[in-house]
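Trainee: Take a look at this one; I'll ask things after.
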Amino acid sequence: VQLQASGGGLVQAGGSLRLSCAASGRTFASYVMGWLRQAPGKEREFVATISRSGGITYYADSVKGRFTISRDNAKNTVYLQMNSLKPQDTAVYYCAASESRVPVTTARGFRSWGQGTQVTVSS
């Protein structure tokens, strides 16, 4: 599966952004999807994941209550709605796909990756 992320940008603290990730290739609905991020000098970290049907989601504690992951299998797209953004949310955000049967909460659990989109939150 090929993934293309978009929607990043520069936003002030407290603002919102919506990331999108369009998938092509094999059947999108057969993949668990996730969002991960990597800040400068840090390891890539898990942000959110969603099951194949969209009925199950998991979030990192640092974004719980502020971020929402969703998917539209008819459009082959997964989204990440980010509200109440903080400067510490600044990172390159990646969408990723896994052939796992259950949601994945680690970076190494994902096989396919998009190219990343930069999110910068100013204080």
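Trainee: Take the residues of the range 77-92 that are surrounded by fewer than 17 Cβ atoms within 10 Å (Cβ to Cβ) and of a type outside the set (S, T, N, Q): which is farthest from Ala39 (Cα to Cα)?
Mentor: Lys86
Trainee: Taking the condition surrounded by 18 or more Cβ atoms within 10 Å (Cβ to Cβ) and at pLDDT below 95, does Gly114 pass?
Mentor: Against the criterion (surrounded by 18 or more Cβ atoms within 10 Å (Cβ to Cβ) and at pLDDT below 95), Gly114 qualifies.
Trainee: So, one more: May I ask you to list pairs of residues, at least six apart or on different chains, whose Cβ atoms are under 7 Å apart, with the first in the range 96-110 being closer than 10 Å to Tyr31 by Cα and the second being part of a helix (DSSP H, G or I)?
Mentor: Going by the 7 Å Cβ cut-off, the qualifying pairs are Ser98/Gly109; Ser100/Gly109.
Trainee: May I ask you to list the residues in the range 21-38 that are open to solvent by less than 30 Å² (accessible area, probe 1.4 Å), within 14 Å of the chain's Cα centre (by Cα) and of a type outside the set (Lys, Arg)?
Mentor: Cys21, Ala23, Tyr31, Val32, Met33, Gly34, Trp35, Leu36
Trainee: Still on this structure, I have one more. Tell me the residue from Ser62, Ser16, Ser53 that is touching a residue at least 40 places away in the same chain (Cβ under 8 Å) and either surrounded by fewer than 15 Cβ atoms within 10 Å (Cβ to Cβ) or of a type in the set (Ser, Thr, Tyr) (or both), please.
Mentor: Among Ser62, Ser16, Ser53, only Ser16 is touching a residue at least 40 places away in the same chain (Cβ under 8 Å) and either surrounded by fewer than 15 Cβ atoms within 10 Å (Cβ to Cβ) or of a type in the set (Ser, Thr, Tyr) (or both).
Trainee: So, Val11, is that one open to solvent by less than 60 Å² (accessible area, probe 1.4 Å), more than 18 Å from Ser100 (Cβ to Cβ) and not in a loop (DSSP other than H, G, I, E, B) or not?
Mentor: yes
Trainee: In this structure, is Gln115 in contact with a strand residue (DSSP E or B) (Cβ under 8 Å, 6 or more places away or on another chain) and in a loop (DSSP other than H, G, I, E, B)?
Mentor: Yes; evaluated as a whole, the condition is true for this residue.
Trainee: So which residues in the range 57-77 are outside any loop (DSSP other than H, G, I, E, B), of a type in the set (Val, Ile, Thr) and within 17 Å of Ala107 (Cα to Cα), if there are any at all?
Mentor: Once the filter is applied, which keeps residues that are outside any loop (DSSP other than H, G, I, E, B), of a type in the set (Val, Ile, Thr) and within 17 Å of Ala107 (Cα to Cα), the range 57-77 yields Thr57, Ile69.
The values are calculated or read from the model by the stated rules, or taken from the named source; none is laboratory data. Small disclaimer: the values here were computed from a predicted structure and weren't measured. In this analysis, Cβ positions are derived from the backbone assuming ideal geometry, glycine residues included, and neighbour counts consider all displayed protein chains. Each accessible area value is taken on the protein alone, full model and side chains, heavy atoms only, with ligands, DNA and RNA left out. Shrake-Rupley method; radii C 1.70, N 1.55, O 1.52, S 1.80 Å.
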